[in-house]
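The values are calculated or read from the model by the stated rules, or taken from the named source; none is laboratory data. Just so it is clear, the model here is predicted, and its values are computed rather than measured. For neighbour counting, all protein chains shown are included, and Cβ atoms are generated from backbone atoms with ideal geometry for every residue, glycine included.
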Amino acid sequence: MAAISTPQTHFAEQIDRTAHRSEWTQAWRRFRSNRLALFGLVVVILLILTALFADLIVPYDPIYQFRGMRGAAPSAEHWLGSDYNGRDLLSRIIAGTQIALMVGLGATFLQVIIGVFVGAAAGYFGGWTDTLLCRLIDTLMSMPVLALLTLLAAVLRDKEIPSVLLTILVIGFTGWARFARVVRADVLSLRSRDFVVAAQASGVRALRIIFYHLIPNLVGPVIVLASLGIGGIIILEAALSFLGLGVNPPTPSWGVILSDGRQYITNYPHIVTFPGIMIVITVLAFNFLGDGVRDALDPKQRAD
């Protein structure tokens, strides 16, 4: 049955869009007042710019081996020194920023798409659909994340899939359950609201209600979860690469650099120190950003 548009529903949609714009303006004002969140935003922007222009910034080829430079300490020519294979560490860390953000943002995007779709379907349709999807969500969330990632990465490693893409797919397809749980809970509370009931009474199809009426009202919680989760995904990528199941050497991933330098940590500690610092800074920046977004979009503060 075709959707019926009336002046009343059109006016209600206009009011709803105006209210959303006002809420986002207030959220931005609250976000700007959080100094740690602004610091996180600045660092994240710098990381993104570094990743985008890494090929222009790197002083040397990240995989080029300099003779006689194995484990060389920081110097004027090589600011962060060299790894045990004589490769410039600064160049590899800068290039590794591309891998970290590519995996972090790519896997998060995949998790959001799957989680929002599954959660919205479970919450809106209910019944056996909700029961089946909830059991799937509970099963996935009950599994040890790193153990599951390690198993899948080891099984799929020989499937002719590029290592970066494989890392994104493995993390993305195993981490969407938390998005689905939050979206399902919000959809359960939204499906009885007047604008959803009015759309159903007008003959609007279920998929249109989900995508045009429900999901736009879930943007806030999803953004909060995504921004808080990127840092964790970067750690997972580094852990997989450290175990030899993530990005393949000599691709300059932070986890690969840590893995290459673990045998020489006592003699050449700088090989693992600098990529470790980058991981800490990146994760903290995304966590500060996520905390700021969460506080800005917290419903309890919307009356301020």
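For the reader, a short list of remarks on this structure follows.
- Among the residues of segment 43-89, the one identified as under 15 Å from D260 (Cα atoms) and assigned to a helix (DSSP H, G or I) is L89.
- Here T266 passes the criteria (1) at pLDDT 90 or above; (2) more than 23 Å from the chain's Cα centre (by Cα); (3) β-branched (V, I, T) except the one numbered (1).
- Residue check, V187 modelled with pLDDT of 90 or more, over 15 Å from N248 (Cα atoms) and touching a Pro at 6+ places or on another chain (Cβ under 7 Å): no
- Qualifying residue in segment 272-279 (condition: buried (at least 19 other Cβ atoms within 10 Å of the Cβ) and touching an Asp or Glu at 6+ places or on another chain (Cβ under 8 Å)): no
- Per-region count, segment 138-165, residues in contact (Cβ under 8 Å) with a residue 60 or more places away in the chain and either of a type outside the set (S, T, N, Q) or under 29 Å from G220 (Cβ atoms) (or both): 7
- All positions within segment 154-188 that are in a helix (DSSP H, G or I) and either basic (K, R) or on the phi > 0 side of the Ramachandran plot (or both): R178, R181, R184
- When L228, L245 are checked against the criterion of being within 30 Å of L89 (Cα to Cα), of a type in the set (A, V, I, L, M, F, W, C) and under 15 Å from the mean Cα position of the chain (by Cα), a single residue qualifies: L228.
- Helices (runs of 4 or more DSSP H) fully within segment 189-263 that include at least 2 residues being surrounded by 22 or more Cβ atoms within 10 Å (Cβ to Cβ): 219-242, 254-261.
- Annotation note: Cβ proximity below 6 Å between a residue of segment 226-246 that is aromatic (F, W, Y) and a residue that is assigned to a helix (DSSP H, G or I) and modelled with pLDDT of 85 or more (sequence gap 6+ or interchain) occurs for F242/G255; F242/L258; F242/S259.
- The condition of being hydrophobic (A, V, I, L, M, F, W, C), farther than 30 Å from V222 by Cβ and modelled with pLDDT of 90 or more holds for only one of I113, I99, I57, that being I57.
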